[in-house]
Amino acid sequence: MGEQVGAEKKQKAEWELRLYVAGQTPNAIAAFANLKRICEEHLAGKYSIEVVDLLENPKLAAGDQIIALPTLVRKLPPPMRQIIGDLSDTERVLVGLDLRPPS
């Protein structure tokens, strides 16, 4: 994996997101699809997504203190945030990313 998706590389993304997964599991695939949909709807043109497969690079989990998978880490804007799961609860993801205040 290790792929970048989202805003053009020429422009600095305002939102830097990293999705940690362990292989191409159904949860990992669902998490990526849900994240991509949410970003397109709410952050169009202002985000980048890096997918990190911990089966390929297990040492990368330590830097962001990953304890469960899949995990989404918001690197930018600060502060760093983590959301665990397949990201199917759009409202929870929007609140977790600070795109929407808690209801």
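Only the coordinates and a few stated rules stand behind these numbers; no lab work does. A quick note: this is a predicted structure, and the numbers were derived from the prediction, not measured.
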With the 8 Å Cα cutoff and a minimum separation of six or more residues, the chain has a relative contact order in percent of 35
Given [x] 11.5; [y] 6.2; [z] 8.8 as possible values of mean projected area of the Cα convex hull in nm², the one from the coordinates is [y]
Among beta bridges assigned by DSSP with both residues in the stretch 4-100, the antiparallel ones amount in percent, to the nearest 5, to 65
